[in-house]
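One structure is given here, and the rest of the page talks about it.
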Amino acid sequence: MAKAATAGGPNHGESDVPNYLLIESRDHFTSQVVSGHLELAVGLRRAGSAVVLYLVQNGVLPCRAGADSGALHDALAAGVEVLADDFSLRERGIGERDVARGVKPASIGIVAGHLADSWKVMFL
Amino acid sequence: MTTTLTFAIMDAPFENSRTVTMFRIMEAALEAGHDVNVFAYEGAVALPFARQAPHANAVHGRDTAAENHPLPRVWIEALFALAAARGRKLDWVNCGLCVDERGVGEAIAGVRRGTPVDFWKMSVDSGNTLTAGTR
């Protein structure tokens, strides 16, 4: 039986469930599939995996403070770590202080690092 | 710890920002000291096409230099240069059948021809693999 990971934290050797980093490049205002991707992230988290959702390109748009992004907040509440690509934020004029509470700006080196650490990484 | 990471890409040049994102991840991997394999399939085999050329933009009144049109082959050349500067390996394989279909056999230096079997071998021999398929 898989042991649950600490909420929001990595699952370093605590159990045999894999850790996931999901890359989301679209926003749910444009594409309905994004809602399904967020449900996937929450489902994986509830199954005991550590889950990082890395928002990139237009995927960063819903993480603006004040944006209507309930599904993103549901993911945060479930313990999914939500990161926003700092380059994509700058491209779109979103300052780091404009990002919703709980979402952390991060460089894309995070993705390479998690790949090297054998996380399962999916470009959704 | 250094490892080898494999990336598979499928989108044709000038089509999708996801290709740029994949290039950025490859760059980060090389900067972190990892070796990188790339398998380009379908339209992505045109990314390193050597005859891509910048152009002017008459609508905006810019000549070629001012337009500074970005070319994927230049970005890939930069990845090869970065790998060399860091003493890492960048192995770029273009699917040969996909190349022939599109007539883009003139690739920049460093790109080699292969088959999906190369992708399988790369993945087996790598620490991890990331795929960005077409949508």
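Lysine pairs in the protein assembly as shown with Cα distance under 28 Å, only those 8 or more apart or on different chains: how many are there?
On the way: A:Lys3/A:Lys104; A:Lys3/A:Lys120; A:Lys104/A:Lys120; A:Lys120/B:Lys89; A:Lys120/B:Lys121; B:Lys89/B:Lys121.
Qualifying lysine pairs in the protein assembly as shown: 6.
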query = Looking at the square roots a ≥ b ≥ c of the eigenvalues of the Cα gyration tensor of the protein assembly as shown, which shape do they give, rounded for a/c under 1.5, prolate if a/b is larger than b/c, or oblate?
reply = oblate
remark   = Footprinting proxy, B:His34, A:His28: sorted fewest to most Cβ within 10 Å, the residues are A:His28, B:His34
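Dipole size in debye (nearest 20) for region B:11-135 around its Cα centre, Lys and Arg Cβ +1, Asp and Glu Cβ -1?
Details: 13 positive and 15 negative charges, 26 e Å.
For this selection, approximately 120 debye.
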task = State, to one decimal in nm, how far the label point of B:Arg102 lies from the label point of B:Ala66, with both points 7 Å from Cα in the Cβ direction.
result = 3.2
query = How large, in Å, is region B:4-132 by the Kirkwood hydrodynamic radius built from its alpha-carbon pairs?
reply = 15.1
query = Can you give the angle from 0 to 90° between the axis of helix B:17-31 and the longest principal axis of chain B, with both taken from C-alpha atoms, to the nearest 10?
reply = 50
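Looking at region B:37-135, which GluC sites (Glu not before Pro) are in a loop (DSSP not H, G, I, E or B) and have at most 16 other Cβ atoms within 10 Å? Walk me through the intermediate numbers first.
Working: sites: B:Glu42, B:Glu67, B:Glu77, B:Glu101, B:Glu106; in loops: B:Glu106.
Of the GluC sites (Glu not before Pro), the ones in loops of region B:37-135 whose Cβ has at most 16 other Cβ atoms within 10 Å are B:Glu106.
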request  = For every other residue with a beta carbon closer than 14 angstrom to the beta carbon of A:Val80, add +1 if it is Lys or Arg and -1 if Asp or Glu, then tell me the sum.
outcome  = -1
Taking all pairs of distinct alpha-carbon atoms in chain A, Kirkwood radius in angstrom = 14.3
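Laboratory data are not the source of any read-out in this text; all were calculated from the coordinates shown. None of the values given here were measured: they were computed from a predicted structure. All Cβ positions, even for glycine, are placed from backbone atoms using ideal geometry, and neighbour counts span all protein chains on display.
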